[in-house]
Amino acid sequence: MWGCGTCSELYRAVKRACAVTEAARAEYGPTVDCDPFDTVVTTQIRLAEHLARRHAAELPEKDPTCAKCTSPEMFQLPEPFVLEHRARHLFVPPSVVDRL
């Protein structure tokens, strides 16, 4: 992943989006939507899509402790979506990626 320029660029976008959103939340508080265009989620999805398409062999296996990895619904999804979920395990906190 780190040897790939696209991965590095997309990961930096994820980190920038998180930092900007966190700074805005600190300034404006919880009553203001500081990410109205869902930039944080969008950048995560872009990175996960890239990883699933270009680096599928390097992705972690299903995590037996992840509620989403082990849910029956996951077995019915198209393979690209399953790979994208597994890719998110690389860079998204478990409290976010494990949500059903």
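The values are calculated or read from the model by the stated rules, or taken from the named source; none is laboratory data. Everything numeric here is computed off the predicted structure, so don't read it as measured data. Don't worry about glycine lacking a Cβ; one is built from the backbone with ideal geometry, like all the others, and counts go over all protein chains shown. All accessible areas refer to the heavy atoms of the entire protein, side chains included, with ligands and DNA or RNA removed. Shrake-Rupley method; radii C 1.70, N 1.55, O 1.52, S 1.80 Å.
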- Query: Quick one: accessible area per residue over the chain, 1.4 Å probe, rounded to a whole number of Å²?
  - Reply: 66
- Here the stretch 69-85 yields Karplus 3J(HN,Hα) values (6.51, -1.76, 1.60; θ = phi - 60°; whole Hz; Gly and Pro given as x) of 4, 9, 6, x, 4, 4, 6, 9, 7, x, 3, x, 5, 5, 5, 4, 4
- Label of the coordinate-derived value, Kirkwood radius over Cα pairs in Å, listed as (1) 14.8; (2) 17.3; (3) 14.5: (3)
- Item | Sorted peptide list for 60-71, 84-95, criterion being average Cβ within 10 angstrom, highest first | 84-95, 60-71
- Rounded to a whole number, what % of the accessible area of the chain do carbon and sulfur atoms account for, probe 1.4 Å? 57
- Item | Inter-site label distance for Phe75 and Val96 at 7 Å from Cα along Cβ, in nm | 2.9
- Item | Tensor-based shape of the stretch 26-77 (alpha-carbon gyration tensor, a/c under 1.5 rounded, otherwise prolate or oblate) | prolate
- Query: So what is the 222 nm mean residue ellipticity for the chain from helices alone, if each DSSP H run of at least 4 adds -39500 (n - 2.57) and you divide by all residues, rounding to the nearest 500 deg cm²/dmol?
  - Reply: -17500 deg cm²/dmol
- Task: Place +1 on the Cβ of every Lys and Arg and -1 on the Cβ of every Asp and Glu in the chain, take the dipole about the Cα centre, and give the residue among Ala26, Leu47, Pro36 whose Cα lies farthest towards its positive end.
- Result: Leu47
